[in-house]
Every structure is written in structure tokens, then in C-alpha cells.
Amino acid sequence: MKQQTIHFFTEKEEEFANLLIEIGMKKNTAKVLVFLANLTEATSRVIERGTDLRQPEVSIAIRYLDDQGWVTSRVSKEESRGRRVRIYKLARPINEIVGGIEKKSKVELNKKLAAIQKLRAHSN
């Protein structure tokens, strides 16, 4: 029987995911992002076990991360008997991803502040 290590969230990783959720990222996406940030690479199954998410939830999160350009994947045949397994890893360092999130958040906030200033001007 093949032995496998299962990775679980530490308190620090849980806090990191919660901060991402607090700024607007979906819970499952935040969990998958933080999970991948702490491993070199992982299969869907490993992500499912480590994040306590179901396969469809992991797939949706991975799709979002891929759309953002934050995750890459490769296909490996060696993981199981003949069936191809997709292995995921972050495309960029987590600090760079957080920087991108910060930049996007600032742009969105500035747009909202500009709209509020227009509202004030119209109400006077």
C-alpha cells in the first residue's frame, strides 16, 4: 500500500484564508489558494483532503485561480493506474498574487470613492 502524507491547515494558514475571504474572495477559492501556497504542487485529491472541500468545489476554485493566471497544471500518468491525474501549483509566488489583489482592490476602492464624490456634488 502506498503511503501518503495529508496536509492540513495550520492556524496561520486559516487566518490567511480568512483575510482573503474578508476582502471579498470566495471561501473555497481562498482555501485552495492558501493550500497551494504552502505546497510545491498537489493533485485535486490532495487539495480536497487538505481543504475539506468536495471535488466540484475544488474544480470551481481551480478554474477561478487559472482564469486569474495564478495556477498552472500538468498531467501525470504515474499517480494512479493508467488514469491521468492533473497536478496543480501556483504560477507565481504568493506575495506577487497578494500584490495583484491589493492593486485590484485599490482600483475598485478608488472607483467607489470617485462615485461617492460625484454623489456628494449632485446632492449639493
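The values are calculated or read from the model by the stated rules, or taken from the named source; none is laboratory data. Since the model is a prediction, treat every value here as computed from it, not as a measurement. Heads up, the Cβs are rebuilt from the backbone with ideal geometry, glycines too, and the neighbour counts pull from every protein chain shown.
Would you mind stating whether GLU79 is in contact with a Phe, Trp or Tyr (Cβ under 9 Å, 6 or more places away or on another chain) and modelled with pLDDT under 95?
Values: in contact with a Phe, Trp or Tyr (Cβ under 9 Å, 6 or more places away or on another chain): no; modelled with pLDDT under 95: yes.
Against the criterion (in contact with a Phe, Trp or Tyr (Cβ under 9 Å, 6 or more places away or on another chain) and modelled with pLDDT under 95), GLU79 does not qualify.
Across the stretch 46-68, the qualifying residues are those that are closer than 17 Å to LYS26 by Cβ and of a type in the set (Gly, Ala, Ser), and the one among them that is farthest from the chain's Cα centre (by Cα) is SER59. Of the helices (runs of 4 or more DSSP H) entirely within the stretch 1-63, those holding at least 1 residues that are in the same structural domain as ARG83 (by TED's automatic domain parsing), under 16 Å from LEU90 (Cα atoms) and among the hydroxyl-bearing types (Ser, Thr, Tyr) occupy 27-37, 44-51. Applying the condition of being assigned to a loop (DSSP other than H, G, I, E, B) and surrounded by 10 or more Cβ atoms within 10 Å (Cβ to Cβ) to the stretch 84-124 and asking which residue is modelled with the lowest pLDDT yields ARG84. When THR43 is tested against the conditions (1) surrounded by 15 or more Cβ atoms within 10 Å (Cβ to Cβ); (2) within 16 Å of LYS27 (Cα to Cα), the lone failure is (2).
Does MET25 qualify as being modelled with pLDDT of 90 or more and either under 21 Å from ILE87 (Cα atoms) or of a type outside the set (S, T, N, Q) (or both)? Here the answer is yes, as MET25 does meet what is asked. Residues of the stretch 12-33 that are under 13 Å from VAL58 (Cβ atoms) and either hydroxyl-bearing (Ser, Thr, Tyr) or in contact (Cβ under 8 Å) with a residue 24 or more places away in the chain (or both): LYS26, ASN28, THR29, LYS31, VAL32, LEU33. Could you check, for the stretch 65-76, whether at least one of its residues is assigned by TED's automatic domain parsing to the domain that holds ALA17, acidic (Asp, Glu) and modelled with pLDDT of 95 or more? Scanning the stretch 65-76 turns up at least one residue that is assigned by TED's automatic domain parsing to the domain that holds ALA17, acidic (Asp, Glu) and modelled with pLDDT of 95 or more.
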